[in-house]
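Read through the structure below, which is laid out as structure tokens, and then see the notes.
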Amino acid sequence: MTDINLFRRSGFFALIVLVLSILIGPAVAQTSTEPTRAEILRGTITPERAWWDVQHYDLSVQFMPPTRMIKGSNVITFKTLKPGIKMQIDLQDPLAITKVLHGSDDLKFEREGNVYWVYFKKELPAGVEDKVDIYYGGHPTDAKNPPWDGGVSWGRDDLGDWYINTTCEGIGASVWWPNKDIGYDEPDRGMKINITVPDNLVDVSNGRLKGVDHDEKAKTKTYHWVVTQPINNYGVNANIGNYVTWPDEYKGLGGTLDISYWVLPHQKEAAMETFKEVPRMLKAFEYWFGKYPWYEDGYKLVTVAYPGMEHQSSVTYGNYFRNGYRERDTSGTGIGYKFDFIIVHESAHEWWGNNISMRDAADMWIHESFANYAEYLFVEYYFGKQAGSDYAVGNRRGIRNDRPIIGTYGANREGSGDMYNKGGNMLHTIRQIVNDDEKWRSILQGLQKTFWHQTVTTEQVESYISKQAGIDLSKVFDQYLRTTKIPKFEYKIDGGKLSYQWTNVVPGFAMPVRVSVNGKEVVLTPSETLQTKTFADDIKTVEVDRNYYVTSEILK
């Protein structure tokens, strides 16, 4: 998802707008309080979730624009990991479940806030595959500020036709369909997405379009999309409008990747030029990260009325068909105007967030830090290493250091929005520590291969990078992910003697750093204890390599 920090405007009014947009974001709410029961039910692997594993979703939803209502069903195929009789299904108010079927059994259920407790007639044994049919309907939550404050957007396009989008990162997929709404459990065998719309409209969802049924009497069409691979819940979407489409293909590491573009008719001319960025993006990211993860399901780019989002195999786009981020350069360097931010950033999530997905919302940095860092690597691939570094350093201006990047576990609470620019700069810093570009690229590719189509924890990512780098990076991760403090390189000069230390750091922090002394590069490993190194000549200048996200100060 794009970062709210990126909505930059000049002047005091813009600052107020930015602050308000941050304060109303769902990931920020109640961070200073104990988790509520509702948050715990949403963010925890409860006993009513733990006993069953999702294998497949078969989702059918009818959108009824005149009334802004939806109705539908979700057939959940699951495998029992242990015996169970009570199941947790998530669906957010004001939507309501109307019926639950288990074969011919009409199951009892009761509601607690945004959770439904479903009771089977008898305990299901471990080790079996079964399914349950959930029927529901109502008026879904209206998206207030998509994609950050999501739901369903019931809009109109420039010609007055209905233009409807779903967005649910943070707020959760259960804002528009019933499911197991927590990151750790994705449907192993993918899902079917069947969207019914008025017959003058088109639906674009995830995966491949397998067919369209036309009900002439009801004046509706149903679009049948099939996702064959695991998919995270918030990556599922429906985009409804007067879409036109055209195909493309990319010869990549996985063979021929089918691409399709979906836009409104009056957007097609501009889109055909702007969307040339897609194969450029794929080429760069397959170089850095390895094979695009969803060759089986293809790649789509779909225009929407909001900035854009990383819906798996169905990336959404609302960036005005211009380079930069909505006509801005987030880095302030001018480099941001050399590429289309939304295509690059949101597509990076196909690897970071969709292929490798967080198990707990507190670890959202795994999605956003790597996607932010992917922007730097895209810049480097096409414009050189210096430009990539300039872009990385420039994006530091968006860092707030307001609270830690890692959020609250078991409560569906993300950490600071600094997971974008600060997280990206943390990875840029770690690359300097590794100090071997090919080794670093192999680490990025190794993460993708090792955790292919999996959900992960922060600890797994940290451990993998440290092990493959051959360096204990635990204190570096602690520093940047779990505190708001930026390491300070303090030093003093006495003739040819340089004394130095780290301050403002976690205990045990001893990150190596490149420093230019009299114009010559030297690698130092400061600690919290003052060290001294003697040079042959009197020291005139000391400069810390800007690629490390640290500050420096001369000791008095």
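Read-outs throughout are calculated quantities, based only on the coordinates presented, and are distinct from any laboratory measurement. What you are looking at is a predicted structure, and each value in this text was computed from that prediction instead of being measured. Every residue, glycine among them, receives a Cβ derived from its backbone with ideal geometry; neighbour counts consider all protein chains shown.
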(Q) Quick check: the distance between the Cα centres of the range 137-174 and the range 219-248, to the nearest angstrom? (A) 15 Å
Q) What 222 nm value per residue comes from the helices of the chain, counting each DSSP H run with n ≥ 4 as -39,500 (n - 2.57) and dividing by all residues, nearest 500 deg cm²/dmol? A) -7000 deg cm²/dmol
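Which order do 259, 40, 342 fall in if you start with the one that has the fewest other Cβ atoms within 10 Å? Please report the intermediate quantities before stating the final value.
Numbers: 259 18, 40 14, 342 25.
So the ranking, lowest neighbour count to highest, is 40, 259, 342.
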Q | Simple label model, 7 Å out from Cα along Cβ direction - residue 50 to residue 397, nm | A | 5.0 nm
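Excluding residue 312 itself, what net charge comes from residues whose Cβ is under 9 Å from its Cβ, given Lys and Arg +1 and Asp and Glu -1? Can you show the working numbers first?
Details: positive: none; negative: 297, 310, 350.
With Lys, Arg at +1 and Asp, Glu at -1, the neighbours total -3.
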**Q.** Sites matching trypsin sites (Lys or Arg not before Pro) across the range 376-484 that sit in DSSP coil, with at most 15 neighbouring C-beta atoms within 10 Å
**A.** 400
Q: Measure off 7 Å from each Cα along the Cα-to-Cβ vector at residue 437 and residue 452, then give the distance between these two points in nanometres to one decimal.
A: 2.7 nm
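Taking a ≥ b ≥ c as the square roots of the eigenvalues of the Cα gyration tensor of the range 420-469, is the shape rounded (a/c under 1.5), prolate (a/b larger than b/c) or oblate?
Numbers: a/c = 1.85, a/b = 1.26, b/c = 1.46.
In terms of gyration-tensor shape, oblate.
Kindly put 234, 382 in sequence by how many other C-beta atoms sit within 10 Å of each C-beta, fewest to most.
Working: 234 30, 382 15.
Starting with the residue having the fewest Cβ neighbours, the order is 382, 234.
Looking at the square roots a ≥ b ≥ c of the eigenvalues of the Cα gyration tensor of the chain, which shape do they give, rounded for a/c under 1.5, prolate if a/b is larger than b/c, or oblate? Could the numbers behind the result be given before it?
Values: a/c = 2.11, a/b = 1.62, b/c = 1.30.
Prolate, since a/c reaches 1.5 and a/b exceeds b/c.
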**Q.** Helix 365-383 axis, angle to the chain major axis (alpha carbon atoms, nearest 10°)
**A.** 70 degrees
**Q.** the chain: angle of helix 12-23 to the longest principal axis, Cα-based, in degrees nearest 10
**A.** 60 degrees
Q. How many nm is it between the label spots at residue 101 and residue 71, if each spot is 7 Å from the Cα in line with the beta carbon?
A. 1.5 nm
Q: Treating cross-link reach as a plain straight distance, find the aspartates and glutamates whose alpha-carbon is under 12 Å from the alpha-carbon of residue 86, omitting any fewer than eight places away in the same chain.
A: 48, 110, 123
Q.
Can you return the aspartates and glutamates within cross-link range of residue 533? Criterion is Cα-Cα under 20 Å, with same-chain partners fewer than 8 residues away left out.
A. 490, 494, 521, 543, 545, 553
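Relative contact order (percent) for the range 458-552, with alpha-carbon contacts under 8 angstrom and 6 or more residues of separation? If you can, show how the numbers build up before the last one.
Values: 165 pairs, mean separation 25.7, N = 95.
Once divided by the residue count of the range 458-552, the mean separation gives 27 percent.
How much length is gained on full extension from residue 328 to residue 244, taking 0.36 nm per residue of separation minus their Cα-Cα distance?
Values: separation 84, 0.36 × 84 = 30.24 nm, distance 2.81 nm.
Taking residue 328 through residue 244 to full extension adds about 27.4 nm, to one decimal.
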Q) How about residue 276: which aspartates and glutamates have a C-alpha closer than 19 Å to its C-alpha, ignoring those fewer than 8 places off in the same chain? A) 248, 249, 258, 286, 310, 327, 340, 346, 350, 375, 380
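So which of 180/210; 108/219; 268/422 end up more than 28 Å apart, counting from Cα to Cα?
Details: 180/210 25 Å; 108/219 35 Å; 268/422 36 Å.
As for pairs spanning more than 28 Å Cα to Cα, those are 108/219; 268/422.
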